[in-house]
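No value in this document is a laboratory result; all are computed from the given coordinates. Bear in mind the structure is a predicted one, so any value in this text is a computation, not a measurement. Cβ: placed from backbone, ideal geometry, glycine included. Neighbour counts: every protein chain shown.
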Amino acid sequence: MGNNTLNAKMISKMFLAGAKNLDAKKDWINELNVFPVPDGDTGTNMTMTIMSAAKDVSQLDENTDMQTLCKTISTGSLRGARGNSGVILSQLLRGFTKGIKEYDELDTVILAAACEKAVETAYKAVMKPKEGTILTVAKGASEKATELANEGVTDIDKFLDEVIKYADEVLSKTPDMLPVLKEAGVVDSGGQGLVQVLKGAYDGFLGKEIDLSINEESATPVANAPKMKAKTEEADIKFGYCTEFIVLLNKPLNVKQEMDFKGFLESIGDSIVMVADDEICKVHVHSNDPGLAIQRALKYGQLSNMKIDNMRMEHREKLFHETGDGKWLEIKTEINGAAEQTPTYRQGDTVPLMNGSTATAGAKEVEEEMPHKDCGFVTVCAGDGLAEIFRSLGVDYVIEGGQTMNPSTEDILNAVQKVNADTVFVLPNNKNIILAANQAQILVEDMPGDKKIVVIPTKNVPQGVSAVINYIPDASVEENTEAMTDAIGGVKSGEVTYAVRDTVIDGIEIKSGDYMGIGDAGIQSVGASIEEVTFEMIKKIMSDDLELISIYYGADITEDVAAKLKMRVEAEFSSCDVELQYGGQPIYYYIVSAE
Amino acid sequence: MSKIAVLTDSNSGITQAEGTELGIYVVPMPFTIDGNDYFEDINLTQDKFYELLGNDADVMTSQPSPDSLMKIWDKLLNEDGYDEIVYIPMSSGLSGSCSSAYGLSLEDQYEDKVFVVDNQRISVTQRQSCIDALEMANAGMSASQIRDKLVEVKFESSIYIMLDTLYYLKKGGRITPAAAALGTLLRLKPVLTIQGEKLDAFAKARTSNQGKTIMINAIKKDIEERFGGVDAHDVHLEIAYTFDKETAEAFKKEVAEALPGYDIHMDPLSLSVACHIGPGALAVACSRKVHF
């Protein structure tokens with residue numbers, strides 16, 4: 001290999017370096033989200049997409065040929081794809097690898113053609129391609145590559161350098177193409193992600209020192225999130241629950257038992273204090289699963305003086321009292337911490353008692369052989385209340401996730417496989433999950449068997465509820481698809497959360513820590529009181545022809561507070577029915593629908 | 001030509017007065033409410049019934065007693081000079097009254113005289129069957145021919161009912177497993193259907209407007225696909241309701257707009273149906289015209 005071509009070994013190295021660089025920059029990319037909502041996770045989504053492929057690539061033999069490498073990159077990223085930008089990135093990789101897989105040595109002409117192929121594939125995957133996004137950046141890079149190849153540039157170093165410089169330039173112009181970016185004062189986050197992949201790949205080419213070992217954590221962040229987070233921010237609370245109790249020992253612990261117990265506690269958390277005498281054992285541990293510690297301790301005797309505190313909540317309250325302080329980074333960190341609490345248990349994990357309801361419901365879905373039926377449902381939502389509502393409406397499988405955690409194509413695929421039905425309707429309930437669901441649909445088509453996925457493009461929970469309610473068991477798949485798709489247009493919705501940074505959207509100035517009511521048509525209300533903001537938002541989304549307002553209150557709202565809001569809404573809209581439901585969703589204090 | 005009496009029960013929605021007018025005899029359905037016996041449209045009016053129901057009274061329905069039924073049959077055959085009786089009770093899928101009546105009709109004195117029709121109709125569709133029977137009798141058909149014809153076309157009918165609440169359906173226990181599954185955390189307006197035998201779940205709606213649209217679309221589809229098409233006008237179109245007549249009138253207008261050119265008959269639902277589905281229900285039904 002000279003300076004004019006790249007072989008499989010180099011491509012593999014560059015790909016891993018690109019992935020690694022994206023991983024390193026993901027938090028920064030997350031912050032580029034236009035809406036200052038706490039679920040700005042383009043960086044995370046893209047990283048998880050590419051890491052899914054990088055994990056597989058890193059396990060390939062050193063002498064793997066180009067065909068195998070390309071297939072691994074393409075399949076891995078497609079399966080791991082999550083979020084809009086993640087799906088587009090996976091399509092770029094798929095197209096690019098299609099363009100190079102037939103060759104052992106790549107010159108600039110082949111690379112330029114592969115870039116074109118990548119852009120073409122990605123544009124096809126998006127129903128309404130929007131300029132000023134990752135697509136535009138990719139297209140710019142591709143055009144530059146073709147231009148260079150046509151000019152007869154054969155030196156790879158020069159070629160890559162110029163393509164990336166141009167991609168950066170296009171990226172810097174994205175605010176001029178998309179007014180929302182300009183208003184928010186950021187460049188497109190997906191585009192930034194792509195540029196970071198390219199820059200990393202270039203560094204890999206240059207042989208710059210990059211740790212190429214890919215660890216599993218980045219590919220499966222939910223289960224291992226604490227480790228991943230540990231290196232990022234100082235204010236991070238790694239383990240959220242302070243748990244203390246006393247074990248009234250059945251019999252004195254022997255040395256081995258004491259060591260085992262301590263070792264176990266160390267494996268689930270930190271700040272461990274464990275003191276035992278012959279009768280009692282005092283335990284203090286910070287962990288993310290208090291249930292694990294409790295369950296283990298029960299082996300040794302009865303428990304007393306139990307105390308569990310949520311340290312993140314305390315931390316958060318403290319932060320909220322400091323509004324206007326501009327400490328959005330800390331708030332965000334705290335929220336990322338909350339996301340870690342999404343219960344995800346790997347095989348062999350002891351499911352803690354405290355999450356009993358979720359865990360048993362989930363286990364039931366997996367273990368019990370479902371009776372076969374014609375149509376089934378898979379949906380995505382965060383919050384135990386919402387999950388229960390969807391189950392009560394007949395949804396077969398609820399994927400935990402949504403706002404802070406977009407499930408990947410593979411997550412959706414796995415859920416669909418667990419549903420014993422010929423046709424599985426997938427309700428993504430989030431605009432960032434629709435594309436991943438569409439990918440799952442395509443993957444299922446290529447699989448053996450007659451299983452079919454139909455994605456009903458629901459963008460939020462109310463739309464998902466509306467869709468599933470409108471399902472008619474006796475009607476055909478086509479009729480139901482139409483009826484459910486129609487139904488999602490008939491429900492208005494709004495969500496209340498808070499801003500993680502100062503910004504301006506739709507001419508409304510928003511300060512970090514402000515509460516925001518976001519409706520179908522953008523920001524509806526902003527203020528310092530959750531109730532006021534919610535009430536104002538409902539007023540804006542309501543119209544005379546609507547009969548029913550449903551309010552789903554989140555994990556951070558008590559029933560009393562929600563009931564007070566309900567009464568106020570009932571008084572304002574006396575001709576309307578108002579229904580209050582516990583949603584239990586994180587981050588969004590209220591989700592409201594009107595129909 | 002033998003003289004034929006058409007007899008039904010008060011589930012048909014035919015009141016005693018209307019029965020006299022049409023020439024149809026109506027057996028009142030018995031109720032026990034808080035321990036007291038009542039007979040529909042005899043000493044129990046719609047208003048009185050809903051008042052009691054609203055007070056959460058303990059409402060129990062039962063079928064006409066064999067004794068009362070035989071008395072009516074005897075009167076029609078012996079005193080009023082009828083040769084044969086066509087008896088059209090409420091659907092055998094919803095009540096045992098049809099099978100008891102059938103058992104009685106096999107007794108010697110009623111054999112070849114009383115013909116019990118098991119055509120699984122209720123309310124407005126049951127009413128239409130009575131009118132059809134009368135027309136067939138006037139055309140000279142025998143009671144057994146009328147019975148056979150009505151049974152032959154028993155599936156050519158369709159009903160959709162939207163409930164305001166699931167409360168009464170659950171309370172009465174008269175609910176199929178599918179319909180029971182409709183009970184959920186969210187407030188829903190279930191749309192049920194009667195196709196032949198039983199009341200079954202059809203769809204769900206969150207608001208009454210959504211429910212009405214579902215019902216109109218469903219009935220339109222049935223007419224289009226099963227009953228000769230909307231333009232053929234080969235069905236009788238009907239609306240029924242419990243308690244709230246004003247809402248029903250508005251619904252009637254919507255149905256008339258969706259299916260222009262039909263005469264739409266509207267009745268309150270009979271009380272033995274109402275006590276199981278509660279006030280505020282709306283129904284749209286159709287039955288295919290009988291050709292003989």
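Annotations for the structure displayed:
- Positive minus negative residues near A:Ser525 (Lys, Arg vs Asp, Glu; Cβ under 12 Å): -4
- Counting charges near A:Asp384 (Lys, Arg +1; Asp, Glu -1) among other residues having Cβ under 13 Å from its Cβ returns a value of -1.
- Sequence-distant lysines (8 or more away, or on other chains) whose Cα lies within less than 21 Å of A:Lys256: A:Lys282, A:Lys299
- Straight-line reach from B:Lys48: taking Cα to Cα under 18 Å and skipping same-chain neighbours fewer than 8 places apart, the lysines in range are B:Lys245.
- Coil-residue GluC sites (Glu not before Pro) of the range A:98-165, DSSP, other Cβ within 10 Å capped at 13: A:Glu102, A:Glu131
- Approximate spin-label separation B:Ala17-B:His291, in nm, with each point projected 7 Å along Cα-to-Cβ: 3.8 nm
- The GluC sites (Glu not before Pro) of the range B:222-292 include none that meets both conditions, a loop assignment by DSSP and at most 13 other Cβ atoms within 10 Å of the site Cβ.
- Site pair A:Gln417 and B:Glu224 shows an inter-label distance of 4.0 nm when each label is modelled 7 Å from Cα along Cα→Cβ.
- Antiparallel %, DSSP beta bridges [both residues in the range A:492-594], to 5: 80 percent
- Listed residues B:His265, B:Gly278, B:Ile216: farthest to the positive end of the dipole of the range B:157-288 (Cβ charges): B:Gly278
- The sum of -39500 (n - 2.57) across all DSSP H runs of n ≥ 4, divided by the residue count of the protein assembly as shown, sets its helix-only mean residue ellipticity at 222 nm to -14500 deg cm²/dmol.
- Positive-end extreme of charge dipole, the protein assembly as shown - chosen from A:Val468, A:Ser58, B:Thr125 (charges on Cβ): A:Ser58
- Residues in the range A:562-579 carry Karplus couplings, in order, of 5, 5, 5, 4, 4, 4, 5, 5, 4, 5, 6, 10, 5, 7, 10, 7, 10, 10 Hz; the curve used is 6.51 cos²θ - 1.76 cosθ + 1.60 with θ = phi - 60°, and Gly or Pro positions show x.
- Using the Karplus relation 6.51 cos²θ - 1.76 cosθ + 1.60 with θ = phi - 60°, the per-residue 3J(HN,Hα) values for the range A:385-400 come to x, 4, 4, 5, 4, 5, 5, 5, 8, x, 6, 7, 9, 10, 7, 5 Hz, with x marking Gly and Pro.
- Relative packing of B:10-17, B:65-72, which averages over residues the other C-beta atoms within 10 Å, highest first: B:10-17, B:65-72
- Legend: calculated FRET efficiency, A:Asp260 to A:Gln59, from the Cβ-Cβ distance at R0 = 35 Å, rounded to 0.05, equals 0.60.
- Cα-based convex hull, the range A:8-214, per residue volume (Å³, whole number): 105 Å³
- In the structure shown, the pairs A:Lys117/A:Lys199; A:Lys124/A:Lys492; A:Lys9/A:Lys139; A:Lys25/A:Lys158 are assessed against 23 Å; a Cα-Cα span above that value is assigned to A:Lys124/A:Lys492; A:Lys9/A:Lys139; A:Lys25/A:Lys158.
- Length gained when the stretch A:Thr68-A:Glu509 is fully extended (0.36 nm per residue, less Cα-Cα span): 153.6 nm
- Amide H to amide H, with H built 1.01 Å from N, A:Tyr498 comes under 5 Å of A:Met516, counting only residues 5 or more places away or on other chains.
- Look at the Cα gyration tensor of chain B: its axes a ≥ b ≥ c give a/c of at least 1.5 with a/b at or below b/c, and that counts as oblate.
- In nm, spacing of pseudo-spin labels at A:Lys165 and A:Asp278 (7 Å Cα→C-beta vector): 8.1 nm
- Under Karplus coefficients 6.51, -1.76 and 1.60, residue-wise ³J(HN,Hα) of the range B:269-278 in Hz, glycine/proline x: 5, 5, 5, 6, 7, 4, 5, 8, 10, x
- Here the protein assembly as shown carries DSSP beta bridges of which approximately 65% are antiparallel, counting only pairs with both residues inside.
- Förster radius 30 Å - calculated FRET efficiency between A:Ser575 and B:Asn43, Cβ distance, rounded to 0.05: 0.20
- Relative contact order, percent, the range A:373-488 [alpha-carbon distance under 8 Å, six or more residues apart]: 25 percent
- Amide H contacts of A:Phe425: A:Gly376, A:Phe377, A:Val378, A:Val454, each under 5 Å away and 5 or more positions distant or on a separate chain (H built 1.01 Å from N in the peptide plane; Pro and chain starts excluded).
- Computed about the Cα centre, the dipole magnitude for the protein assembly as shown is approximately 1620 debye when only Lys and Arg (+1) and Asp and Glu (-1) carry charge, each at its Cβ.
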